[in-house]
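First up is the structure itself, then whatever we jot down about it.
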Amino acid sequence: MLEIAAAVCLIATPAKCQDLKLTFEADAASVTPQQCMSYGQIELAKWAVDHPTWRIAKWSCREAGQVANL
């Protein structure tokens, strides 16, 4: 299973960052790396709309459950 791993930082305090993990809701076991990269952009855009005080510094797709190394 793949998940989206992102580093997000506060816009007002750029040094304050945290890791974010998003997993795919529908049929997560069959998501390919290519689909993760395509859908990941959409899911992160949705997240950004709901969290306007944060910015996405970087992101990637990875196997679920791994420790972030962004």
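Residue pairs whose Cβ atoms lie under 6 Å apart, separated by 6 or more positions or on different chains, with the first residue in the stretch 5-24 and modelled with pLDDT of 95 or more and open to solvent by 80 Å² or more (accessible area, probe 1.4 Å) and the second of a type in the set (Ser, Thr, Tyr) and assigned to a loop (DSSP other than H, G, I, E, B), are ILE11/THR53. Listed by first and then second residue, the pairs with beta-carbon distance under 8 Å, at least 6 apart or on different chains, first residue in the stretch 53-68 and among the charged types (D, E, K, R), second modelled with pLDDT of 95 or more and open to solvent by 50 Å² or more (accessible area, probe 1.4 Å), are ARG55/ILE11.
Whenever a residue of the stretch 37-49 is open to solvent by 40 Å² or more (accessible area, probe 1.4 Å), its partners that are at pLDDT below 90 and not hydroxyl-bearing (Ser, Thr, Tyr), lying with C-beta atoms within less than 6 angstrom and at least six residues away or across chains, give the pairs GLU43/LEU22. In the condition set (1) surrounded by 14 or more Cβ atoms within 10 Å (Cβ to Cβ); (2) at pLDDT below 90, TRP54 is compliant with all but (2).
The values are calculated or read from the model by the stated rules, or taken from the named source; none is laboratory data. Quantities reported herein were computed from a predicted structural model and do not represent experimental measurements. Glycine gets a Cβ as well: all are built from the backbone with ideal geometry, and neighbour counts include every protein chain shown. Each accessible area value is taken on the protein alone, full model and side chains, heavy atoms only, with ligands, DNA and RNA left out. Shrake-Rupley method; radii C 1.70, N 1.55, O 1.52, S 1.80 Å.
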